[in-house]
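The values are calculated or read from the model by the stated rules, or taken from the named source; none is laboratory data. Since we're looking at a predicted model, the values are computed, not measured. Cβ sites come from the backbone with ideal geometry, for glycine too, and all protein chains shown count toward neighbours. Heads up: the accessible areas ignore ligands, DNA and RNA and are worked out on the full protein's heavy atoms, side chains in. Shrake-Rupley method; radii C 1.70, N 1.55, O 1.52, S 1.80 Å.
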Amino acid sequence: MLEIENLTVEVAGKEILHNVSLSVKSGYTTVLFGPNGSGKSTLLMTIMGFSGYKVRSGRILLNGEDITHLPVNERAKRGIGMMMQRPPNITGVRLKDLVRVASKGKVDIAKIAEELDMTNFLERDVNVGFSGGEIKRSEILQLTAQNPCLLLLDEPESGVDMVSIEKLGAKVRELLQGPSHCAGWRERSGKAALIITHTGQILDYVEADRGYVMCNGTVACSGNPRELLAEIRKMGYQECIRCKLNQPNLVVENVASEG
Amino acid sequence: MASDEERRAREALRKAARFGDDIDLEAYSEGSRELAPVGSLEELPEDTKTTLLDTGIVPSGKGRAGNFLLMDNSVVHSAVMGEGVELMPLSQALKVHDWLKDYVWKAVRPDTDKYTAETYLENADGYFIRALPGAKVRMPVQTCLLLKDRNTKQYVHNVLIAEEGSELEVVTGCTTSKGVEKGLHLGISEFFLRKSSKLTFTMIHNWSEVIGVRPRTDVVMDEGATYVNNYVALKPVRSIQTYPTAHMNGPDGVCRFNSVAVAHPGSVLDLGSRAILNAPGCRAELISRTITTGGTVIARGQLVGNSAGIKAHLECKGLILSEKGVQIAIPELEARVPDVEMTHEAAVGKIAQDQVEYLMSRGLNEEDAVGMIVRGFLDVGIRGIPEHLKAEIDRTLQETDVRRG
C-alpha cells in the first residue's frame, strides 16, 4: 500500500531523514520504534504532506501512485489519515464541526464521541485547552470520522492515563481491524497503519505485523515488532545503532525480501 | 438667544474628528424628514424587507418587544408590542417627558466634532427607548436606520435609558436600500444604564460601497450595571469611524464589547471601543476580531483605569487575507491608580499554515479550510451575540468572500 523509497527530507534547511526506505503492506500494521529525535515524526509528517518537510530526493508511493508532491488534502482523499503528536489549536472552530466535515456526514458523531468520552468536548474549540490525553482522543475521534485506509499514528499512547489508554487502544484496534481479530480478515479489509511508538505500549492493544527501528534519520533495523521491542527494552537503542553500523546491508536485505 | 451649547456646536462645525477621513458634509443633501409613515413593517416593499432581515430586523415584529424604523431623516414607524418598555421618536419623547432634557446631549458632547455639531444643530430625531424600573423586558426591541435615497445624509439622535433594575435587549440594523451607493450616516447614541440594569445592544452594519458612517456613542453606567455591546460589520462600506465609550461611573459595573468586522477592498474601517473604569470593582472586556480581504482595518481599543480594584482586558486580533489588506491594531492601557489589573493582547497576521494543513489532512480543500478557520476566528467575536441573531450572521459569514487574495 505504502512504499517509501530512498527518502531524504529536509526541515528548515537541515537534513533530518537520510535515504529512508520502508513499506507498509495493505492490511498490515507496522510500528516504528526509535529514540527521541530519530526522525519518526518527520517521516509521518512528510508522508501526510505537510509543508516545511521538504523532500530532497526519493519517492512516496501510495498504491503505486507517486504522491510525493501532492497537496495534503489530495493525500487525505486517497485514504491517508494522521494522528498528530501536537496538532495546532483552532480557536473558534468547534470540534463537532470539524468531525462532521471530516466524516462527510457518514458517521454518528454523538455515538463515537461517547465511546471516546469526548461528548463534552464536541462544543469546545479544536484542541484549545485540551490535555495530552484529550488531544489523543480528539485525534482518534476525527480519524474514526474520517475512516482512512492508511493510518499514521504518532505516539498514540503518550500522555494518556492508564484508564483512557484502554479506551483509546480499543478504538485504535477497531479502526484498524474492524470487529474481527483475524489476521486474514484484516488483510482483506485493506486497512494499514504506520504507528510511531517510543515505549511500545500500544502493542498491548494493537496487533502489529512488522516493526522498523529508526535511528539518526535512517532505518536501522526491521523485523518482528515484538522481538524488536524485547531487544530494545533489553539493550536500548544504542545497540540498534551499533548493530546497524556493523551490518550495513541488513536493512537493504530486509526491505528487498518484503517486496 | 443661542445657548452656550449651541454656540459651542456652531464653533465645532468645521472641527475635524480625531480619527477617520474628514468627510465633506456639504457633498450630501439632507435626507427627507417627510417620508410617509407605515402602519407596520410588513407593508414595506419586499426588497426593503429583505434588506431589513439581513440586519437582523424581523419585519413581522414577531418575538420583538418593539419596532422602530428611521428612513433617511423620517421616523416612519414606531410601535411597542411588549411590556415594561417605552419606545417612540426622541422628538415626541421630549414632549412627553419633561425630565428627558436632562439626558439629551449629556453623554455625547455636541462640540465633539463636526458630525456631532451638525447633528445637534439639525435637531436630529431618532429613537427613545426606556426600560421601566425593574422591568425585565422579555423580547428585544428592534430598531432600523435605513438610508433610502442616494446622495443623502442621515442624522440620527438616539437616547436609551435602562432604569434601575431593568433588563433590556436592543437590536439595531443600519443599512441602505438597494441601489443607494453614496450616502452619509451620522448617528449619535446616548445610553444611560441606571443602577443594576442590564443592556445587551447589538448593532449590525450592512452599508454599501460608497457610504460614510460616523456613529458617536457614549454609555453612562451606574452602580452594578451591565452593558454588552455587539458590533458586526461584514459588508463592504466606504468608511466607518466609530469609538463607542462606556463610562463606568458606579462600582461593580460590567461591560463587554465584542466586535467583528471584514474590510473589503476599498473599505476603511476605523473601529474602536473604550471603557473608562471610574469606580471600584468595575470589570471590562473589549474583544475585537477583524479581517481584511483588501481593505484597511484600524482596531483601536482603550481601557482607562481610574479606580482601585478594577479589572479589564483588551484583545484585538486581525487576519490579513490579501496582499493589499492593511491591519492596524492600537491597544491602549491607561492606569491612573496602582491597584488595577489591566491587560491586552494584540495580534495581526496571516492565517497559520499549520492550521490550514491540519484541516486539509482531514480532507478539506484549501479554500474550505481557510473559510472554516476564518469563520471560527470571527466566531470568537460574536459568541456573546443573542441566539436569535446567530443564524442570520452565520449565513452572512458563509456568503462573505474570505478567499485569500
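Residue by residue through region A:24-39, note down the ones that are within 15 Å of A:Leu151 (Cβ to Cβ) and either open to solvent by less than 20 Å² (accessible area, probe 1.4 Å) or within 14 Å of chain B (Cβ to nearest Cβ) (or both). Break it down into steps so the answer makes sense when it comes.
First pass over region A:24-39, keeping only residues within 15 Å of A:Leu151 (Cβ to Cβ): A:24-32.
Selection gives A:Val24, A:Gly27, A:Thr29, A:Thr30, A:Val31, A:Leu32.
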On the basis of being within 23 Å of B:Thr51 (Cβ to Cβ) and open to solvent by less than 20 Å² (accessible area, probe 1.4 Å), does B:Pro265 make the cut? no
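Could you list, in sequence order, the residues of region B:349-358 that are more than 7 Å from every other protein chain (Cβ to nearest Cβ) and either open to solvent by less than 30 Å² (accessible area, probe 1.4 Å) or touching a helix residue (DSSP H, G or I) at 6+ places or on another chain (Cβ under 7 Å) (or both)? Before you say what the answer is, go through the steps one by one.
Here is the first cut: in region B:349-358, the ones more than 7 Å from every other protein chain (Cβ to nearest Cβ) are B:349-351, B:356.
Those that are more than 7 Å from every other protein chain (Cβ to nearest Cβ) and either open to solvent by less than 30 Å² (accessible area, probe 1.4 Å) or touching a helix residue (DSSP H, G or I) at 6+ places or on another chain (Cβ under 7 Å) (or both): B:Gly349, B:Ile351, B:Val356.
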Residue that is farthest from B:Val75 (Cα to Cα), among those in region B:93-114 that are in a helix (DSSP H, G or I) and touching a helix residue (DSSP H, G or I) at 6+ places or on another chain (Cβ under 8 Å): B:Lys114
Note on region A:110-123: residues open to solvent by less than 60 Å² (accessible area, probe 1.4 Å) and either under 26 Å from A:Asn63 (Cα atoms) or hydroxyl-bearing (Ser, Thr, Tyr) (or both) are none
Unique residue being over 16 Å from B:Arg274 (Cα atoms), away from chain A (no Cβ under 14 Å) and either open to solvent by 50 Å² or more (accessible area, probe 1.4 Å) or assigned to a loop (DSSP other than H, G, I, E, B) (or both) when the list is B:Glu367, B:Glu323, B:Glu334: B:Glu323
Would you mention how many residues in region B:337-358 are touching a Pro at 6+ places or on another chain (Cβ under 6 Å) and assigned to a strand (DSSP E or B)? 2
Restricting attention to region B:289-303, does a residue exist that is within 20 Å of the chain's Cα centre (by Cα), assigned by TED's automatic domain parsing to the domain that holds B:Asp218, within 20 Å of B:Asn230 (Cβ to Cβ) and among the hydroxyl-bearing types (Ser, Thr, Tyr)? yes
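Being hydrophobic (A, V, I, L, M, F, W, C) and more than 19 Å from the chain's Cα centre (by Cα) is true for just one of A:Ile67, A:Ile109. Which residue is that? Quick ask: steps written out before the conclusion?
On the way: A:Ile67 fails: more than 19 Å from the chain's Cα centre (by Cα).
Residue meeting the stated conditions: A:Ile109.
Do we have B:Ala79 as touching a strand residue (DSSP E or B) at 6+ places or on another chain (Cβ under 9 Å) and among the aliphatic types (A, V, I, L, M) here? Please lay out each step first, then the result.
Values: touching a strand residue (DSSP E or B) at 6+ places or on another chain (Cβ under 9 Å): yes; among the aliphatic types (A, V, I, L, M): yes.
When the stated conditions are applied, B:Ala79 passes them.
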Select from region A:115-163 the residues that are among the acidic types (Asp, Glu) and closer than 21 Å to A:Arg94 by Cβ and write down the one among them that is nearest to the other protein chains (Cβ to nearest Cβ). A:Asp125
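Have a look at B:Leu70, B:Leu90, B:Leu147, B:Leu160 and point out the one that is out of contact with any helix residue (DSSP H, G or I) (no Cβ under 7 Å at 6 or more places or on another chain), over 19 Å from B:Arg33 (Cα atoms) and open to solvent by less than 10 Å² (accessible area, probe 1.4 Å). Quick ask: steps written out before the conclusion?
Details: B:Leu70 fails: over 19 Å from B:Arg33 (Cα atoms); B:Leu90 fails: over 19 Å from B:Arg33 (Cα atoms); B:Leu147 fails: over 19 Å from B:Arg33 (Cα atoms).
Residue meeting the stated conditions: B:Leu160.
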Could you tell me which of the residues B:Lys148, B:Lys178, B:Lys195 is farther than 19 Å from B:Leu87 by Cβ, among the basic types (Lys, Arg) and at pLDDT 95 or above? B:Lys195
For region A:81-109: of the residues being facing chain B (nearest Cβ under 8 Å) and of a type in the set (A, V, I, L, M, F, W, C), which is most open to solvent (accessible area, probe 1.4 Å)? A:Val101
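Residues in region B:370-405 that are part of a loop (DSSP other than H, G, I, E, B) and more than 10 Å from chain A (Cβ to nearest Cβ): how many?
The total comes to 9.
Among the candidates A:Ser57, A:Ser51, which residue alone is more than 11 Å from the chain's Cα centre (by Cα) and facing chain B (nearest Cβ under 10 Å)? If you could, list the steps in order and put the result at the bottom.
On the way: A:Ser57 fails: facing chain B (nearest Cβ under 10 Å).
Sole residue among the options that is more than 11 Å from the chain's Cα centre (by Cα) and facing chain B (nearest Cβ under 10 Å): A:Ser51.
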So B:Ala12 fits all but one of (1) in a loop (DSSP other than H, G, I, E, B); (2) over 23 Å from the mean Cα position of the chain (by Cα); (3) of a type in the set (A, V, I, L, M, F, W, C); what number is the exception? (1)
So which residues in region B:14-31 are open to solvent by less than 40 Å² (accessible area, probe 1.4 Å) and either touching a Pro at 6+ places or on another chain (Cβ under 9 Å) or closer than 15 Å to B:Met71 by Cβ (or both)? B:Gly31
